[in-house]
1. Yes or no: A:Leu64 within 13 Å of the chain's Cα centre (by Cα) and either within 25 Å of B:Gln154 (Cβ to Cβ) or facing chain B (nearest Cβ under 7 Å) (or both)?
2. For the range B:144-166, which residues satisfy the criterion of being within 10 Å of chain A (Cβ to nearest Cβ) and assigned to a loop (DSSP other than H, G, I, E, B)?
3. Restricting to the range B:52-77, name every residue that is closer than 20 Å to A:Ile8 by Cβ, more than 12 Å from the chain's Cα centre (by Cα) and either of a type in the set (D, E, K, R) or assigned to a loop (DSSP other than H, G, I, E, B) (or both).
4. So which pairs qualify, if the first residue must be in the range B:22-42 and surrounded by 12 or more Cβ atoms within 10 Å (Cβ to Cβ), the second must be among the basic types (Lys, Arg) and modelled with pLDDT of 85 or more, the Cβ gap must be under 7 Å, and the two must be at least 6 apart or on different chains?
5. Sort through B:Gln126, B:Gln154 and tell me the only one that's more than 18 Å from B:Thr97 (Cα to Cα) and free of Cβ contacts under 8 Å to residues at least 60 places away in the same chain.
6. Could you run through the range B:122-143 and say how many residues are more than 8 Å from chain A (Cβ to nearest Cβ), in a loop (DSSP other than H, G, I, E, B) and either more than 17 Å from B:Ile60 (Cβ to Cβ) or under 14 Å from the mean Cα position of the chain (by Cα) (or both)?
7. Select, from B:Gly131, B:Gly80, the only residue that is small (Gly, Ala, Ser) and farther than 23 Å from A:Ile13 by Cα.
Amino acid sequence: MGLIARAIERVGIPTVSISLARDLTAAVGAPRAVFVKWPLGHPLGEPHAPLQQRTMIFRALHLLVNADVPGVIDEPGYRWRRDSYEEPDWSRLE
Amino acid sequence: MHETISWLQKLSNRIYAIPAVAQWWARRAAQRSAALDGEDNAMPFARLHKPLSAARGVLITTGGVHLTEQAPFDMETPQGDPAYREIPVNVAPEHITITHNYYDHRDADADLNVIFPLAHFQELVQQKIIGSLAPRHYGFMGHIDGELVTTLTQRIAPEVAAKLRADGVDFALLTPA
C-alpha cells in the first residue's frame, strides 16, 4: 500500500495512510502514516463504532495537513475498545 | 462473498488478527521489502495546497473492496492480483463487496466504514470539512508479491495516480486490510 501512496505522491498529490503493520510501513516508506496496533482488517476500528472511525479519519487528516517531513509515522496509541472516543473537533483542521 | 476459504486459512487469519502476531509479521515482511520501490529511493513528498474544506479527496484501500458486478480479485495466483477496481462515489453500499481470503473481513462486511469510509467522507463533505470527493475511488487487493510488485509500481500505481490528477484530486487516504 505504501508503494501506491508513493506513486501518487510522485505526481504531486499528498497522501496519508493508516497502518496496522508499523515496520512494513516504515520499510516501504509511506510518506505519512498513522499507526495503530489493532487487529488486521480494522484500520478505522470496530464495526458500527462511528466515533472511533471518525477519530481515526480526523487523526489521518490532521497528519495530512500538518506533517512537514516525509516518512512520519504518527502513533496515537489508541487502545482499541479500551479507549473512549469522542466526536473530533474538526475545526482544528482549518 | 462466496469465497472458498480452507479451515487452515481461517485459522491463520484468526492468528494474524492478533496485533502482536501482525507486528511480528510486519517485521519479517519489512526485511524483505526494503527498497521495493526500485531505483528511486528518495521518499516523494507533496503538500496540500489548499484548505481541506476546498480540497477533493479520494479513498484507496487494499482490503479487496469491489462492486458486486465487477470480477472478484483473483485469490488463486500466489503472487496476488495487482489490478484495481474503480468504485463510483455515488454507489449504493449494497453494491460493494469484499473478496480477500487473507484477512477476516466479517466486521468490514458488517460495516464497510471499518475499512472503506466512503459514508463518513460523504458526511464530512456535507459538513463542509472536506471540499468534495473524487468521482471514483479505488479497491486493491494488497498482498502483491514477486514480479508483480514491479507491475504495481511501474505500471498500475502510476496509472491510478494519473487518473487522480485527471479527476482533480487534492489528497488521498489509504487504508490497508
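1. Taking the combined requirement at face value, the residue satisfies it.
2. B:Ile144
3. Result: B:Ala55, B:Arg56.
4. B:Gln23/A:Arg22; B:Gln23/A:Lys37; B:Ala26/A:Arg22; B:Asp37/A:Arg6
5. B:Gln126
6. Within the range B:122-143, residues that are more than 8 Å from chain A (Cβ to nearest Cβ), in a loop (DSSP other than H, G, I, E, B) and either more than 17 Å from B:Ile60 (Cβ to Cβ) or under 14 Å from the mean Cα position of the chain (by Cα) (or both) number 4.
7. Within the list B:Gly131, B:Gly80, the selection yields B:Gly80.
Each row is one residue, and each column tells you yes or no for (1) modelled with pLDDT under 95; (2) of a type in the set (Lys, Arg).
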| residue | (1), (2) |
| --- | --- |
| B:Ala29 | yes, no |
| B:Ala42 | yes, no |
| B:Leu48 | no, no |
| B:Arg56 | no, yes |
| B:Ala71 | yes, no |
| B:Thr97 | no, no |
| B:Asp104 | yes, no |
| B:Ile115 | no, no |
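The values are calculated or read from the model by the stated rules, or taken from the named source; none is laboratory data. Here the structure is a predicted model, which is why all the values come from computation and not from measurement. Please note: Cβ atoms are built from the backbone with ideal geometry, for glycine as well, and neighbour counts cover all protein chains shown.
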